Amino acid sequence: MQKERQIEQKPLNAIFIGGAQRSGTTMLGSILGGAKGCVVTPESQFKDGLPQKHSSPNWKVEGVLKSVMIEELKKNFRYKLWELPVPDMSDLPENLKLRDYSIFLERLVCSYAKKHECKLCETWVDHTPGNLKHVLTLLELFPNAKFIHLVRDPRGVAASIMPLDWGADTPIEASVSWSASLAYGLAAEQAFPDRCIRVYYEDLLERPELEVNRICKFCNLEFTFDMLTGRALTVPAYTKKQHKFVGARVLQTQATVWKERLDQETILQIEQKLSDFMVLMGYKPFILEKVSPSGFLGRLKKLLKKNIAFISKKVARYKKKRAVRSGVLK
């Protein structure tokens, strides 16, 4: 009990990384998790999702029921990937107000840290891509939190996400998702310039030492060269394939690999959809001339390919989730 009360007296610091999906949030989280006192966990969509779904819309004032949160957490797919039993919460009140709920979350993080033999549990590094959509709530839960808006070339995002069994299936869907995510990030930067820093994925690859050092200064972390190995996160088996570069040496050329993976028509669709927004964020157009449209058979072939890919992705994702829930995939 004494250890739990120490957590209550000294709240965890928190660093929330956010951005478009496949922007490198997990890679950066694994790097920062190597700093002294930091604990990087798997993604935690449940932290704000569960109270919103299973409590009153005014839960921040009225509180959330501890028993409900515990039961829902046990069933939550994302929490299952932590592979962690829900720790003892018996000393917390049944009706969790904001500070009580933040202690609830802190206890999950420090229990995860203990399981993975982290020496200190002082700062939570959370790399859930959607973090910047919930800046106000996260600041109420963690008043000293810092935020990192990670930005990646939308063509790189599209090339990374479209082959996966989840997420955007088309260049247009990938572009819309990218611009929506950036809108939240830019708003957070504007509203909290002393709390939110922008980091470009490409800069992390080109000059990792300088960029990580800059981030550490902003987040009040002690920089060490060992952090650059990016091996702090234990990647869940469920996401290991899509996070194959986490903990591995990432080459600078990875920033422009989309030029090889995307055809010209796909690139053009992204550049036309995002237009000036992409340029204003520092990404120049690659296709300067109009690509000749495909004939009827070409368009039909692409439509069939898109539908087959969509169904294949859904089936693959269903099988993976079923394996996790049944305990086959851990």
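Taking the conditions exactly as written (more than 18 Å from ASN144 (Cα to Cα) and under 20 Å from the mean Cα position of the chain (by Cα)), does ALA180 satisfy them or not?
Working: more than 18 Å from ASN144 (Cα to Cα): yes; under 20 Å from the mean Cα position of the chain (by Cα): yes.
In short, yes.
Checking the condition in the same structural domain as VAL125 (by TED's automatic domain parsing), under 20 Å from ARG152 (Cβ atoms) and at pLDDT below 90, which residue from ALA255, ALA183, ALA187 passes? Before you say what the answer is, go through the steps one by one.
Details: ALA183 fails: at pLDDT below 90; ALA187 fails: at pLDDT below 90.
Testing whether each residue is in the same structural domain as VAL125 (by TED's automatic domain parsing), under 20 Å from ARG152 (Cβ atoms) and at pLDDT below 90 leaves just ALA255.
Per-residue answers, yes or no, for (1) among the small types (Gly, Ala, Ser); (2) in a helix (DSSP H, G or I); (3) crowded, with 20+ Cβ neighbours inside 10 Å:
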site	(1), (2), (3)
ALA159	yes, yes, yes
TRP166	no, no, no
ASP169	no, no, no
GLU173	no, yes, no
VAL176	no, yes, no
ASP203	no, yes, no
ILE215	no, yes, yes
GLU222	no, no, no
LEU228	no, yes, no
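Can you tell me which of VAL64, VAL109 is in contact with a Pro (Cβ under 7 Å, 6 or more places away or on another chain) and of a type in the set (Val, Ile, Thr)? Step through it out loud before you land on a result.
Values: VAL109 fails: in contact with a Pro (Cβ under 7 Å, 6 or more places away or on another chain).
None of the other options fit; the residue is VAL64.
For the stretch 34-47, which positions are closer than 24 Å to LEU139 by Cβ, buried (at least 20 other Cβ atoms within 10 Å of the Cβ) and either touching a Lys or Arg at 6+ places or on another chain (Cβ under 9 Å) or among the polar types (S, T, N, Q) (or both)?
Hits for the stretch 34-47 are THR41, PRO42, GLU43, SER44, PHE46.
Of the residues TYR112, TYR101, which single one is closer than 30 Å to ARG231 by Cβ and buried (at least 21 other Cβ atoms within 10 Å of the Cβ)?
On the way: TYR101 fails: closer than 30 Å to ARG231 by Cβ.
Answer to the selection: TYR112.
To keep it simple, each residue is scored yes or no on (1) buried (at least 18 other Cβ atoms within 10 Å of the Cβ); (2) acidic (Asp, Glu); (3) part of a helix (DSSP H, G or I); (4) at positive phi.
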| position | (1), (2), (3), (4) |
| --- | --- |
| PRO51 | yes, no, yes, no |
| SER56 | no, no, no, no |
| VAL68 | no, no, yes, no |
| TYR79 | yes, no, yes, no |
| TRP82 | yes, no, no, no |
| PRO85 | no, no, no, no |
| MET89 | yes, no, no, no |
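Do we find that ALA145 is more than 15 Å from the chain's Cα centre (by Cα), surrounded by 22 or more Cβ atoms within 10 Å (Cβ to Cβ), within 20 Å of GLN269 (Cβ to Cβ) and aliphatic (A, V, I, L, M) in this structure? Give the derivation first.
Working: more than 15 Å from the chain's Cα centre (by Cα): yes; surrounded by 22 or more Cβ atoms within 10 Å (Cβ to Cβ): yes; within 20 Å of GLN269 (Cβ to Cβ): no; aliphatic (A, V, I, L, M): yes.
It is false that ALA145 is more than 15 Å from the chain's Cα centre (by Cα), surrounded by 22 or more Cβ atoms within 10 Å (Cβ to Cβ), within 20 Å of GLN269 (Cβ to Cβ) and aliphatic (A, V, I, L, M).
Any chance the stretch 129-137 includes a residue that's in contact with a Lys or Arg (Cβ under 8 Å, 6 or more places away or on another chain), outside any loop (DSSP other than H, G, I, E, B), within 17 Å of ALA191 (Cβ to Cβ) and in the same structural domain as GLU202 (by TED's automatic domain parsing)?
Yes.
In the stretch 90-110, is there at least one residue being over 25 Å from LEU186 (Cβ atoms), aromatic (Phe, Trp, Tyr) and more than 14 Å from the chain's Cα centre (by Cα)?
Step one: list which residues in the stretch 90-110 are over 25 Å from LEU186 (Cβ atoms), which gives 90-110.
Imposing the further condition that a residue be aromatic (Phe, Trp, Tyr) reduces the set to 101, 104.
Among the residues that remain, those that are also more than 14 Å from the chain's Cα centre (by Cα) are: 101, 104.
Yes, the stretch 90-110 contains a residue that is over 25 Å from LEU186 (Cβ atoms), aromatic (Phe, Trp, Tyr) and more than 14 Å from the chain's Cα centre (by Cα).
The values are calculated or read from the model by the stated rules, or taken from the named source; none is laboratory data. These numbers come from a predicted model, not from an experiment. For neighbour counting, all protein chains shown are included, and Cβ atoms are generated from backbone atoms with ideal geometry for every residue, glycine included.
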